[in-house]
Amino acid sequence: MMIDQCQIEIYNVQSTIIFKIMKQIKLLTYLLTLTFFIGCTDDDDTLPVVPTPDPVIPTPDPDPLGEYQNGLLLLNEGNFLSANSSVSFLSDEDQLTNGIFTTVNSSVLGDVAQSIGFTTTDAYICVNNSAKVEVVNRYTFESLATITEGINSPRYFIEANDLGYISDWGDPNDAADDFVAVINLETREVASTIAVNEGPERLLVVDNKLFVSHKGGYDLNGPGSSVSVIDLTTNTVTSIATMENPDDLVLDVSGNVWVLTEGSTIYDIDWNVIGSNPGSLTKINATTNAVEETIEMPNDAQPSHLVLNNDTLYFNIGTDLYATTTSVTSNDAATILDAPIISFNNSIYGFNIVDSRLFVMETNFTSNATMLEYSIADLTSNPISRTVGVGASKIYKNE
Amino acid sequence: MKRITTTAIAILFLTLSYSQDSLQNLKEVMLYKKIKDGYTKVIIGDSVLNATNTLTEVLQQYTAISFKEYGKGQLSSIAFRGTSAAQTAVYWNGVPINSMLNGQTNFNTIATNFFDVVTVENGGNSAGQGSGAIGGSVFLKDNIHFGKGSETSLQAQIGSYDSYGFRSKYSYSSKDFYIKAGLQHYQSRNDYPFIGFDVKHENAAYYNWNFNLNVAYKWNSANSLEGFAHFFDGANENGRTLYVQSVSATEDANSRFLLRWLWEPNNIRNKLSTAYFKEHYKYYMSKYFDTYSFGEVDNYRLEDSFTYFLNSALQLDAGFSFQYSEVEGSNIPEQNRTQTEFHTRLSHKINNRIAYNVQWRKAISSDFSVPHIFSFDIQYEPAAFYGIKANTATNFRQPTFNDLYWAPGGNLDLNVEKAWTIEASHYFKKKFGALSLFAQQSFFHIDTEDLIQWQPMDSGNWSPINIAKTNHYGMECSLKVDYVYKSKHLFQLQANYAYTIAEDEETDLQLIYVPKHTFSSVVNYRFKKKLNTSIYWNYYDDMFTIADHTDAINSAMVMDVKLAYPIGIKKPITIGLRINNIWNTAYLLYDDRPMPDRNIQCTINYNF
């Protein structure tokens, strides 16, 4: 019996809902890259040199803060309702360890681990379908707290100005109860909540502003189409209209916020596909909140993930990966999809670029997924293939 | 010329009249005995059916077929010889009832006590039965009978975790009229604790209502009209798992109507049936909100099956069925499908020891193409106490409406799943005075291809494609012993064992949720006509829960005990007490969904 038995049988009813949700939960965060930038501005002189990929094994840190420093943390969502999400660790010495949360804490991480967010000492793992956020020491992975009070469907975590913020769909069947929770980082508890539109997703901090993309959650009010800006001094919320399904948020060196809007499929009343709304790269001026550029994808294409690496924006449409620079404008829209820089063989669930290494997670919810590693400088050579966890989705740098 | 013609006609007339007479005689003696076939079967009668609640319980106790249960009272799907749930065909009085939406039957929604007999036929028989008969087929049957007067049966049931049920069944038959009606209800809060964990089976309450009505009228020895109606209405909250809470719920409402004209002149038997059956579900993502997604299918079916008994050794069957189905759902646009099937069968009894059958079926569907389907089976009985059977067949399973039309992702280019099956079995039956013995063993092999699997596509959507191939082989055996000692003590033993290897041909790994060993056993002891004690054992073997074998469910042995005591002068009232899982074993039949701890069920039956 194949996946169809165990998943589709759940009566196909539930499984088909699962598929809808999976389609909506597009995974990719470059929060690590973001944290790195913020870290850079604060602690420039104490930050160690970023190791470059070369055949010589770098000298390990003589005084590590924990077993899981100096490496990459990989988040595996698991299979919906199977409660088999996990975290893997790939050390700088190329040792891969799977299931580190369960190994260290002897407990189950939970169902659908959506993302990991970091403070200087902690890692906040948002376990979406278990209605909790697991807080661990980011280097030893020992459990520090499990936040369940005030958390329903947590999506992403970010730290800003000594407070933590978590986007949360509330009861996903209720479009009116979505919020951003404010976390006291010392007690590791929810201190207060800020009400926002349906489906808050990614979080990005620029000075005293928190940008929140709204993909729409269960789309009870239709697909999301806005980015909220929360003034962190007053906690007031303003809304910027974008194209449909805004998800990934990145900040470039010029201080612009780039939003990847994923577009959507249009059905008629009888569920026949009559068209699609294209996705786009939308550039927002972080000071004025004005939308400066909207580069609409040609051919109604619907991109999935966005990663910013230095000045290059990488995004994928299905199995094709594209690149453009942060100086792209809407005049370039017609040619932006002319040449993919690489096409993958299998459906991918996420990708990220860390230290010039391109990591690609192949979609697999029924058994352990494969992660491919390419060198971003040379995409033609064969990738390194590693077997990671079920539903591998996001990879973060941990140091 | 004229003389020859007259003689010829005279001879013909004489022959005809002679054969009429001899056939009349034959009819009285033979009563159109169906020529035996080479398929192994398990036939379960109403004494067992009356004592159980669902079809899952019946089959778990009396066969070695394994089931996946998503917690007690939740979805229960069959895995016959390691095949998928859609590869076991289920029939209600001849009408196929697997859902047109997902291709399966939820065995926990079939209340068995109304039926007269449930037959399980092992192995692939799509040529004889139709789509989905690959691992086997299950037949739910009402036997129409005449001249038996009236019978009433009432039962009340109460059990752990707020479980209540009542059943009522009434039948009456005169020499030409028959009616049988039944109404039953069952409900349970079903919040049993998960042994070894702090949580219980919350959000798992369910209820169901079943109403059945059969009517038949026989207006002469060759003609009768039969009508069957069935209504089901039920709802169940989808229980939480060990680690994930749940607020969702599903409602189901099904109805079936069947009208049949049975025509049995001399050496012919013709069944003309027309049926309407409907399935409808609603899925609430949250029981606290009114929003739901739904699916419904309306089916209209016309079927004719004609049997011609040339003589006692040769029998020819031919038939056709025509079915029109309309589907509509939250994610399915209004669509319809017409499917016409033709089938024929030749049964030949070579002598009193050997008989064989050849079958052919052709299905023509508006949605996909089906190859010609064939089967051959043979039975050889060298002695009265020993027999050998064998069969081989090509089989198919049609794609469902969900597979073809679900938006997004449905694939209109799907083909049927195909399987080739072969089986050999032998049996032994003998009575030694007060001891009767029946033993049966079969060896099978199934080779499937073009299995439909939902896979992620480049676009990010999931779509079903004909991609998988599996290979199954194994052995099933069963033993039945009845012994009466000094006319006072009755012992009965039934034991079933199956060894099943079912592998994905690409990875050579055992499929998920297919246990290698299954064992079930029932032992009965009755003293005179008084206390009846039964012990049920089930062994559930280790099962892998993920395709690459990195996670599994551990094996467990579960025992139930039942006591039944009839009271009253003519014994119309029986009080029953059943303790399920008497050793309080922790066990599961699906990942993260434990089954109940020790619990009890009390029943009172009143029959008159």
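Derivation of every value follows stated rules applied to the coordinates shown; laboratory data play no part. From a predicted model like this one, the values you see are computed outputs, not experimental measurements. Cβ coordinates were reconstructed from backbone atoms using ideal geometry, including for glycine residues, and neighbour counts include every protein chain displayed.
Listed values, structure above:
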quantity	calculated
Share of Cα-Cα pairs in region B:95-142 lying beyond 12 Å, as whole percent	67
Value in Å of the Kirkwood radius, where region B:456-558 supplies the Cα pairs that are averaged	17.1
Out-of-range pairs (alpha-carbon distance over 18 Å; input B:Lys430/B:Lys480; B:Lys141/B:Lys180; B:Lys486/B:Lys528; B:Lys529/B:Lys571; B:Lys141/B:Lys429; B:Lys480/B:Lys571)	B:Lys141/B:Lys429; B:Lys480/B:Lys571
Linear extension gain, B:Phe527 paired with B:Asp447, 0.36 nm per residue minus alpha-carbon span	24.0 nm
Length added when fully stretched, A:Ser381-A:Asn235, from 0.36 nm per residue minus Cα-Cα	47.7 nm
Computed FRET value (nearest 0.05) for A:Ser327 with A:Val273, which takes r as the C-beta separation and R₀ as 35 Å	0.50
For chain B, calculated [θ]222 nm from helices alone, where every DSSP H run of n ≥ 4 adds -39500 (n - 2.57)	-2500 deg cm²/dmol
Peptide ranges B:182-193, B:88-99, B:332-343 listed from the most packed, as the mean C-beta count within 10 angstrom indicates	B:88-99, B:182-193, B:332-343
Estimated D of region B:255-351 in µm² per second, where Rh is the Kirkwood radius over Cα pairs and Stokes-Einstein applies at 25 °C, 0.890 mPa s	149
Karplus 3J(HN,Hα) series, Hz, for region A:187-203 with 6.51 cos²θ - 1.76 cosθ + 1.60 (x for Gly, Pro)	7, 6, 10, 6, 8, 7, 10, 10, 6, 9, 5, 4, x, x, 10, 6, 10
5 angstrom amide H check on A:Leu163, placed H, neighbours 5+ away	none
Spatial separation of Cα centroids for region A:125-187 and region A:356-381, in angstrom	28
Span per principal axis, largest first, for the Cα atoms of region B:320-369 (Å)	57, 17, 15
Kirkwood-based shape ratio for chain B, expressed as Rg/Rh from alpha carbons	0.97
Compactness of region A:165-268, expressed as Rg and Dmax over alpha-carbon positions, Å	13.9, 51
Partners for B:Lys431 among aspartates and glutamates (Cα-Cα distance below 12 Å; same-chain residues under 8 apart left out)	B:Asp482
Cα-projected label distance for A:Ala145 with B:Ala156, points at 7 Å along beta-carbon direction, nm	5.5
D_trans [Stokes-Einstein, Kirkwood Rh over alpha-carbon pairs] for region A:238-375, 20 °C, 1.002 mPa s, µm² s⁻¹	134
Region B:336-445: radius of gyration and largest Cα-Cα distance (Dmax), Å	20.0, 66
Within region B:516-546, backbone nitrogen closer than 11 Å to the virtual label 7 Å beyond the Cα of B:Leu563 toward Cβ	B:531-534
Tail fraction, Cα-Cα pairs, region A:218-314, threshold 23 Å, whole percent	30
Anchor A:Lys283: aspartates and glutamates whose Cα lies under 15 Å away (excluding residues fewer than 8 positions away in-chain)	A:Glu244, A:Asp247, A:Asp248, A:Asp252, A:Glu262, A:Glu292, A:Glu293, A:Glu296, A:Asp311, A:Asp332
Rg and Dmax of region B:45-101, Cα atoms only, in Å	12.0, 33
5 Å binning of all Cα-Cα separations within region B:262-414, expressed as whole percents from 0 upward	2, 8, 12, 14, 14, 12, 11, 9, 7, 5, 4, 2, 1, 0
Assigned charges on the beta-carbon of Lys, Arg, Asp, Glu; region A:250-399 dipole about Cα centre (debye)	500
Charge dipole (debye, nearest 20) of chain B; +1 at Cβ of Lys and Arg, -1 at Cβ of Asp and Glu	3780
Base-10 log of normalised Debye intensity for the protein assembly as shown (one unit scatterer per alpha-carbon) at q = 0.07, 0.09, 0.10 Å⁻¹	-0.68, -1.02, -1.20
Selected from B:Asn331, A:Asn256, B:Ile35, residue furthest toward positive end of dipole (the protein assembly as shown; charges at beta carbon)	B:Ile35
Estimated distance in nm for a label pair at B:His426 and B:Asn607, the labels positioned 7 Å out from Cα along Cα-to-Cβ	3.8
Two-site FRET efficiency, B:Leu183 against B:Tyr386, from Cβ-Cβ distance with R₀ of 45 Å, rounded to 0.05	0.50
